1. Which of the residues spanning the stretch A:106-116 are touching a strand residue (DSSP E or B) at 6+ places or on another chain (Cβ under 9 Å) and either part of a loop (DSSP other than H, G, I, E, B) or within 14 Å of chain B (Cβ to nearest Cβ) (or both)?
2. When you go through A:302, A:360 one by one, which is the residue that is surrounded by 18 or more Cβ atoms within 10 Å (Cβ to Cβ), assigned to a loop (DSSP other than H, G, I, E, B) and under 15 Å from the mean Cα position of the chain (by Cα)?
3. In the stretch A:279-305, how many are out of contact with any strand residue (DSSP E or B) (no Cβ under 6 Å at 6 or more places or on another chain) and within 16 Å of the ligand (Cβ to nearest atom)?
4. Please pick out the residue among B:65, B:86 that is crowded, with 24+ Cβ neighbours inside 10 Å and either at the interface with chain A (Cβ under 9 Å from one of its Cβ atoms) or under 20 Å from residue B:151 (Cβ atoms) (or both).
5. Please enumerate the residues belonging to the stretch A:85-105 that are assigned to a helix (DSSP H, G or I) and within 15 Å of the ligand (Cβ to nearest atom).
6. Could you say which residue among A:48, A:71, A:59 is out of contact with any helix residue (DSSP H, G or I) (no Cβ under 7 Å at 6 or more places or on another chain) and under 14 Å from residue A:121 (Cα atoms)?
7. Which residue, of A:60, A:25, A:82, is crowded, with 21+ Cβ neighbours inside 10 Å and away from the ligand (no atom under 16 Å from the Cβ)?
8. Among A:319, A:384, A:389, which is the only one that is in contact with a helix residue (DSSP H, G or I) (Cβ under 8 Å, 6 or more places away or on another chain) and either away from every other protein chain (no Cβ under 14 Å) or not in a loop (DSSP other than H, G, I, E, B) (or both)?
Ligand code: SF4
């Protein structure tokens, strides 16, 4: 029986010719990753179990991105523990303030991910790297500890949902709208334990950044991973970022899928996920036109890339943030920060009245750098709008693209960028 | 392994941000995490919960982040087992890896009902409502992890104590 792309990568990592959905396997890992929140728990487990060396220092990445620059004394202690461990263990890919970026933007940028890799990360959005043809998935800290010690992890071989893409996105519509639209269709547990495998003629028209954004939120549909086929764009991206030699796997033509979903990209509307679940997706024809916004956040592992900065600037250029709205812009890595600065985007943001932050997860998880008060509303380019995600349990988060976030910043209410078109800047 | 306790009932999609809010993730100390367990969905939970109690929920329990702090907080709050119609996948593997028993079942439960779970026999009973269900025990591979006392111990055996 044919295998899905994900199943093929798994098979190659446990020395099997073929695998069936539901089988349990112990597979070899190409990279294991954790951050300043999950690494301390993993390090404690690693040490408690009496392990003394990581299996391969070149295949471990530790990224201090969540509560950094250290938000308080406890966070500082956690960072110090990870820093010390990284040094003692000869961890090759350790990123600290000044060199750090948000893990899921940083790893592909630094060329640490290539097609055909099997990667686990102690962070749920590790599923992002599927955009580059890797099988990557989020795990917990004990999995991370075992991964660091033995270079292996257990998996139940997943079934897959096939998402066939046709058509081409309309102006202002981006990868974020595609994934919010898809989660709206299938729900936050629509892909539970399953892979989301994207395919079809529409793939070509999506940039690698769009694909990274789409795979990033596979977990928001409950998915184990999201994955795109490897094409010329992928190979060019890998080459540009100095990634290892890609291993290209394709789904068999007779691969069995649990379900097939067809999406015509040209019909995907600008989409916003209303509180308090990413599945509460709505198009603008279904959005009240007077939803006042207190804060806008543009950043995160979902939409903190250079193209997201450019899209936000495109809307904010020559315009002002509304009087009662505050805007926080967070380039996801040092490289993006520098590129955005050189392109003059910071000037655009500063002229408009935005705050620009050093790379951090910060407000995305309600950590620091932009926490919401009771009753406040935020339009955010992040990926989760659960109760209390960005602050007070009675605050509200609306998930959207950088275009929508920037337009909402200008108008002080949830708004589509199309509303600003033709208006004098 | 047999477990018995009073049920605390929640709905669908109970996410890791309400199980243990991110603002408390600046520590990995299970006792401190336990003090804030379920805080944003049920501020009274930590005051009510008794050792051995059981959490019962709907679909997709534990969705959201990969934080192992979530099952750790639940376990160290004294909860003996979580019963849900389905679990989010990272929560599922974390619970197994740290030894928090979880059961997939759609048995009817109201708040305060007395539940009894026999993990090895695969039977769950609601003693208050006189309902009984069976559930599929874990696959052998996962039973091995649980029997070894957690993933790190199981790996040590499988990999011959290399690390
Ligand atoms: S940006 Fe948000 S979702 Fe992404 S890794 Fe950081 S906290 Fe997680």
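1. Across the stretch A:106-116, the qualifying residues are A:110, A:112, A:113, A:116.
2. A:360
3. Adding up the residues that qualify gives 7.
4. Numbers: B:86 fails: crowded, with 24+ Cβ neighbours inside 10 Å.
Every option except B:65 fails the conditions.
5. Hits for the stretch A:85-105 are A:103, A:104, A:105.
6. After applying the criteria, what remains is A:59.
7. A:60
8. Of the residues listed, the single one that is in contact with a helix residue (DSSP H, G or I) (Cβ under 8 Å, 6 or more places away or on another chain) and either away from every other protein chain (no Cβ under 14 Å) or not in a loop (DSSP other than H, G, I, E, B) (or both) is A:319.
The values are calculated or read from the model by the stated rules, or taken from the named source; none is laboratory data. Computed from a prediction, not measured in an experiment: that's the story for all the values here. For neighbour counting, all protein chains shown are included, and Cβ atoms are generated from backbone atoms with ideal geometry for every residue, glycine included.
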